[in-house]
Amino acid sequence: MTSAFNYEKAFSRNIGWVSESEQQTLRGKRVAIAGLGGVGGAHLLTLTRLGIGAFHIADFDNFDIPNFNRQAGAMTSTVGRQKSEVLAEMVRDINPELQVTVFDKGVNEQNVEAFLDGVDLYVDALDFFAFSARKAVFPACARRGIPATTAAPLGMGAAVLNFLPGGMTFEEYFRWEGCSEDEMALRFLIGLSPAMLQRGYLVDQSAVDFKARKGPSTIMACDICAGMAATEALKILLRRGNVLTAPHGAQFDAYRNKFVKTWRPGGNRNPIQRLALLIATRQVSRMGQMAGPAAKKQS
């Protein structure tokens, strides 16, 4: 039925919230998404239905049973199949004209330049603990002048940060230099969600395990992430609307019916952040989940 596809008809219901010329602008944009798990698959499907015309997607993992609660593409028929292959098939089924370049080994220092080549926007969807990949991608975006958006699924909501060319960088905000992985995990969590709206309703703290590099996640959070990130993508790519850029951010929590805008000048150097990191470090240490003393220097 590919011959029956028509781009203008397929995405005609977007018109009104975007103009016809803006829809064609989105058609000509290329978005890179690293990670196709909980949030990544949702990002890809949402942006495809927005009418984005080309993607670079990266993931080395295969679908498995524990992915079923939240990951787009995770079904009994896809267990054992590569996530990038499955998601590429899904979005091409939505838009047969879509240009999809697959990086099935994930993204790393060796292929990051190719991954970002010709890209208009990077959407971060890497696993929370994928520190080395983030340390490769975000600096490369800054060097190339590519806007970058990260949306984190937290509890039953999401937190969003944007890093735009000429503004505060990912490194300046999170301040990972010289940190252990435990420190990076805490700085990433506290930096993503200074308001920590999700903290009050975690009913089983044992589900958060820094040593095992795992934590709980919900489909509600992943879907909210996709909606918030796609909205940021629309504003950035069409250059309209107010885009909050780091050190400004936003968090919405559906469970608590609460939305907050956050502002942490200096990122994790901010005194409020330093105090939050100190408290979080002590709490996690008491839970016996850290390999060593984290946040030993709050620089």
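Just the residues that are farther than 15 Å from Tyr173 by Cβ and in contact with a Pro (Cβ under 8 Å, 6 or more places away or on another chain), please, taken from segment 231-250.
Listed by number, the list holds a single entry, Ile236.
Taking segment 219-261, which residues are of a type in the set (S, T, N, Q) and closer than 20 Å to Val123 by Cβ?
Hits for segment 219-261 are Thr231, Asn242, Thr245, Gln251.
For segment 203-259, enumerate the residues that are in a strand (DSSP E or B), touching a Gly at 6+ places or on another chain (Cβ under 9 Å) and at pLDDT below 95.
Residue satisfying the conditions is Asp209 alone.
Can you tell which of His56, His43 is under 20 Å from Thr231 (Cα atoms), outside any helix (DSSP H, G or I), touching a strand residue (DSSP E or B) at 6+ places or on another chain (Cβ under 9 Å) and in contact (Cβ under 8 Å) with a residue 40 or more places away in the chain?
Of the residues listed, the single one that is under 20 Å from Thr231 (Cα atoms), outside any helix (DSSP H, G or I), touching a strand residue (DSSP E or B) at 6+ places or on another chain (Cβ under 9 Å) and in contact (Cβ under 8 Å) with a residue 40 or more places away in the chain is His56.
For segment 180-217, which positions are polar (S, T, N, Q) and surrounded by fewer than 13 Cβ atoms within 10 Å (Cβ to Cβ)?
Listed by number, the residues that qualify are Gln205, Ser206.
Taking segment 108-150, which residues are in contact with a Leu (Cβ under 8 Å, 6 or more places away or on another chain), among the small types (Gly, Ala, Ser) and either within 18 Å of Leu244 (Cβ to Cβ) or touching a residue at least 40 places away in the same chain (Cβ under 8 Å) (or both)?
Scanning segment 108-150 gives Ala125, Ala133, Ala148.
Just to check your reading of the model, which residue among Glu183, Glu177 is of a type in the set (D, E, K, R), assigned to a loop (DSSP other than H, G, I, E, B) and over 14 Å from Pro265 (Cα atoms)?
Glu177
Would you check which residues across segment 186-230 are out of contact with any Pro (no Cβ under 7 Å at 6 or more places or on another chain), among the aliphatic types (A, V, I, L, M) and free of Cβ contacts under 8 Å to residues at least 24 places away in the same chain and list them?
Across segment 186-230, the qualifying residues are Val203, Ala212.
I need the full set of residues from segment 142-167 which are assigned to a loop (DSSP other than H, G, I, E, B) and touching a Gly at 6+ places or on another chain (Cβ under 7 Å), in order please.
Within segment 142-167, Pro165 is the sole residue that qualifies.
Out of all the residues in segment 98-142, which are among the small types (Gly, Ala, Ser) and touching a His at 6+ places or on another chain (Cβ under 7 Å)?
Across segment 98-142, the qualifying residue is only Ala125.
Considering only segment 11-30, I want to know if a residue exists there that is touching a residue at least 60 places away in the same chain (Cβ under 8 Å), touching a Cys at 6+ places or on another chain (Cβ under 6 Å) and part of a helix (DSSP H, G or I).
no
Restricting the first residue to segment 274-299 and requiring it to be closer than 21 Å to Ser193 by Cβ, which pairs with a second residue that is among the charged types (D, E, K, R) and at pLDDT below 85 meet a Cβ separation below 7 Å and a spacing of at least six or different chains?
Close Cβ pairs satisfying both conditions: Gln289/Asp209; Gln289/Lys211.
Which residue, of Asn69, Asn95, is more than 26 Å from Asp209 (Cα to Cα), surrounded by fewer than 21 Cβ atoms within 10 Å (Cβ to Cβ) and of a type in the set (S, T, N, Q)?
After ruling out the rest, the residue left standing is Asn95.
Limited to segment 101-117, what total is found for residues that are in a loop (DSSP other than H, G, I, E, B) and not β-branched (Val, Ile, Thr)?
Number of matching residues: 8.
Between Phe103, Phe5, which is over 28 Å from Met156 (Cβ atoms), in contact (Cβ under 8 Å) with a residue 40 or more places away in the chain and out of contact with any helix residue (DSSP H, G or I) (no Cβ under 9 Å at 6 or more places or on another chain)?
Answer to the selection: Phe5.
The values are calculated or read from the model by the stated rules, or taken from the named source; none is laboratory data. Nothing here was measured: the structure is a model prediction, and the numbers come from that model. FYI the Cβ positions are ideal-geometry reconstructions off the backbone, even for glycines, and counts take in every protein chain you see.
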